[in-house]
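Below is one structure, written out as structure tokens, with a few remarks after it.
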Amino acid sequence: MTVFKSPGSGSKFVLPRRSLLKGGAALGMSTALGAPFINRLFAAEEHPLAGQSIEMNILGIAGWVPSSLGVKMSPLFADYVKEKYGYTVSFAFAEAPFSDLFQKAATSLATKSQEYNIIISDSQWLGALAKPGWILKLNDVIAKNPALQLDWYSQTVVDTYMTYPDGTKDIWGLPQEGDVEALYVRKDWLDDPKEKEAFQAKYGKPLPQTFEDFDALTMDEFEKIAEFFTRPDEQRWGFAQQYSRVYDFATCAFNNYLWSRGGEIWDPATGQIEGILNTQQNADSLQAFKDWLKYCPPGATNFGIAEGIDVFTQGKVFSTIQWAAVGSAMITDELKGKVLVVPPPKHGTGDAAKRICSMGGQPWVINAFNDEKKMRVAIDFMNWWYQPDTAVEFAKRGGNPCDKATLSRDDFNSINPWNQTYKFMLEEGRSRDFWHDPKYSEMLAIQQEGYSSFVTGQSSDPKAVLDYIACAQQQILNDEGVAKTAPSDACAATSL
Amino acid sequence: MSAITSRPRLARLFDDRRMMVLTLLAPVMLFFIVFNTIPTLWLLGLSFYNFSLTSGMPPEFIGVRNFVQIFHSRNGIWLDLSRTFTFVVCGVGIQTVLGAALGFLFWGSRDMPGRRIALTMLFAPMVLTPVATGTFFRFIYDPTFGVLNAMSHGLFGTGPIDFLGNPSLAFWAVLAVDCWMWTPFMTLMTLAALGSVPKAELEAAEIDRVPFVRRLSLVIWHHGKFILMLGILLRTIDSFKTLDLIIPMTKGGPGQQTRLVAMEVNKQAFESFNMGWSSAYSVLLLLISIAMTSVFIYVLNLRRRREG
């Protein structure tokens, strides 16, 4: 029994212990049950959208799993904001393939429409979307939202998905999906004792088996493996990579060769391209890029992302360089446990061998023409997207987050078969993106034509092809005012 | 008197024939002006400006500089034009010959059982969207999975043929699909042309035992040429604008082998958003189309003028 003494009264107020416990329990329970409602009442008072219902539209990439995850996970966001802020939100998803998405976004944004409130942009579009003022500059938003002040896994993430112009602190995007190039290989083919024996007998070396084995591999060594598995009579080939003229497919695949062999595509400080892209060294890289066609299935000059997935999943090729983002499409239920995802081989020999591959992935960008309500929801969405639980959920569903906290988790490598390679390739200096200039589309189109022309045999001289591309791109950047120098007189004679 | 005055004002307008014609034409004219004339004039105006949607800069008047740049372009524009003319001449030529042959075949077999079903099947490619046609032909041509390669391998033992990746084959592979798609249209036009030939004249020629070739030139061609030429004209204009078939098949590749003029306009306008440059290029293409149409109409009216 507990005895309370009323102050100043001198009388005693006696309360049975059991009643006190009951009362305490009832109070505790009512507090626990009522807290969310009380919180919601507070939230309703605090959040300007409390009690309202908002419809949002996301524009993303058709057939791209990580892109659709933004919408598939949106019910979680809806629950979150209902709980935390007291408003209701629903999302619709518009989509277009990679090669048409910019067109779809730009034509809508050019009319100052808020048709798409949040856009999953490709990294190279940042300049083209930012310069006309179509997307929201995020520096102030990040400054006001501590949840967005994240520690990213590497500077590459910031350079690729967030900043424009390159090297500045102006932030226009936040990473939606991180992506890198990876080498997908058929582990079950490597594990086959007959194959192991035959390879050892032919080349006097064992077939690589582990991530570490492949990490140490150079292109010359890997070529033997590709050659070994190239058996057209069995409808099997050793390798596939992207040579297609569509969008940036050939460019991303070729840049792996160009950068890894010590070449450059331009000087971002001066906008100079002529003399940097069209070097003999890069011409040799282009020739090497083409030479790998002999280990690819027929028609490889038209291979893009989808074709690469097709030939791999249908057992036509032993290996393919493909984006980490399409891991869930590459490793089908039938192939689970039969695929190894490893870093692409290094170029060169000995200690000088290196690999620098293309960055993929997409940032979120926010439509600058959103009205106040939709802008608020978009920012709430970003705050929610980078919460630790959301990032882990995204990874578990097949996405690739970019923040250091998630990627540093002990269990991160085991979430998806490609995660170890994704993290490895995302480290500083192993991957990089190309220009973010507003004229990227024109520059890319010329480059794609040139590379396609060479790999298909329409043009036979790799140096002449690079001369043509460099001159045309120099002209574009000079007209734009980015490049200080005009194309040289020698450019008059260039053609495909 | 009272009957006339009691009629609604709109009805009275039709008493004047000129007013009636104008009133009936007005909606069409309005539609034409809003959706054709104004955009064309806008296009013409824009062709004198440097205006890129993604530059963030306002349009800048530059006179005829866009046209000068096009004429001095290093980007293979003249090659595009010559490739497009080859595509038009070969495509429309093959479609006309095949379409006319099929038209005569169906015209001469009116009592054949199953003719209607055969005609319906024949016209099916024409009603498909070019994008769908291009997409499924990309798969048909595929050297690894494609049915055409599987058939040629099964029948003739040939190795895989990369129809769309080989610079020597890609153009002709695309042209073949265009012919597959549009030959039925020329068949339809041939049947319409043959249908316009008076039966009496044909019977008279038959009774007089006029040879088929002479019957063709004196009777059939004389009456059917306008419809047939109209078909050729429509196909020429349409073929000149070919874009949606090529994009899913080759995107203009390999290299530039299947890049036609419409692709360059599409790329500059809707991928690079160079609205001034692409407007200037469109104006030039419009002038070429008008010139081609004028030539057709001139040829068509040549004999009538001579006779006149």
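The values are calculated or read from the model by the stated rules, or taken from the named source; none is laboratory data. As the structure is a computational prediction, the values presented were derived from the model and not from experiment. In this analysis, Cβ positions are derived from the backbone assuming ideal geometry, glycine residues included, and neighbour counts consider all displayed protein chains.
Residues in region A:439-496 that are under 18 Å from A:A283 (Cβ atoms), free of Cβ contacts under 8 Å to residues at least 40 places away in the same chain, assigned to a helix (DSSP H, G or I) and in contact with a helix residue (DSSP H, G or I) (Cβ under 7 Å, 6 or more places away or on another chain): A:I446, A:Y468, A:A472. Checking region A:455-477 against the condition returns no match, with no residue being touching an Asp or Glu at 6+ places or on another chain (Cβ under 8 Å), under 30 Å from A:K404 (Cβ atoms), of a type in the set (A, V, I, L, M) and more than 9 Å from every other protein chain (Cβ to nearest Cβ). Scanning for something more than 11 Å from every other protein chain (Cβ to nearest Cβ) and within 16 Å of B:K267 (Cα to Cα), does region B:31-43 turn up at least one residue? The answer is no, given that none of the residues of region B:31-43 is more than 11 Å from every other protein chain (Cβ to nearest Cβ) and within 16 Å of B:K267 (Cα to Cα).
Number of residues in region B:255-290 that are over 15 Å from A:E442 (Cα atoms), within 10 Å of another protein chain (Cβ to nearest Cβ) and in a helix (DSSP H, G or I) equals 0. Can you find even one residue in region B:63-83 that is away from chain A (no Cβ under 11 Å), outside any helix (DSSP H, G or I) and surrounded by fewer than 15 Cβ atoms within 10 Å (Cβ to Cβ)? There is at least one residue in region B:63-83 that is away from chain A (no Cβ under 11 Å), outside any helix (DSSP H, G or I) and surrounded by fewer than 15 Cβ atoms within 10 Å (Cβ to Cβ). Taking the criterion of being closer than 30 Å to A:H436 by Cβ and among the hydroxyl-bearing types (S, T, Y), the residues of region A:197-252 that qualify are A:Y243, A:S244, A:Y247, A:T251.
Selection of first residues in region A:116-135 that are over 13 Å from A:A106 (Cβ atoms) and of second residues that are charged (D, E, K, R), restricted to Cβ pairs under 6 Å at least 6 apart or on distinct chains, gives the following pairs, ordered by first then second residue: A:N117/A:K374; A:S123/A:D433.
For region B:157-196, taking the residues that are surrounded by fewer than 18 Cβ atoms within 10 Å (Cβ to Cβ) and more than 30 Å from A:S453 (Cβ to Cβ), the one that is nearest to the other protein chains (Cβ to nearest Cβ) is identified as B:G157.
Yes/no matrix, rows are residues, columns are (1) under 16 Å from the mean Cα position of the chain (by Cα); (2) away from every other protein chain (no Cβ under 14 Å):
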| residue | (1), (2) |
| --- | --- |
| A:I119 | yes, yes |
| A:A128 | no, no |
| A:P132 | no, no |
| A:I135 | no, no |
| A:A147 | no, yes |
| A:D191 | no, yes |
| A:K194 | no, yes |
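Inside region A:411-447, can you point out the residues that are assigned by TED's automatic domain parsing to the domain that holds A:P343 and in contact with a Pro (Cβ under 6 Å, 6 or more places away or on another chain)? The answer is none; no residue qualifies.
Table: residues versus (1) part of a loop (DSSP other than H, G, I, E, B); (2) at pLDDT below 95.
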site: A:P206; (1), (2): yes, no
site: A:Q209; (1), (2): yes, no
site: A:D213; (1), (2): no, no
site: A:A226; (1), (2): no, no
site: A:F239; (1), (2): yes, no
site: A:Y247; (1), (2): yes, yes
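If the condition is being of a type outside the set (S, T, N, Q), part of a loop (DSSP other than H, G, I, E, B) and within 14 Å of chain B (Cβ to nearest Cβ), then region A:74-116 contributes A:P97, A:A110, A:K112.
Of everything in region A:277-299 that is hydrophobic (A, V, I, L, M, F, W, C) and touching a Ser or Thr at 6+ places or on another chain (Cβ under 9 Å), the residue that is nearest to A:R231 (Cα to Cα) is A:C296.
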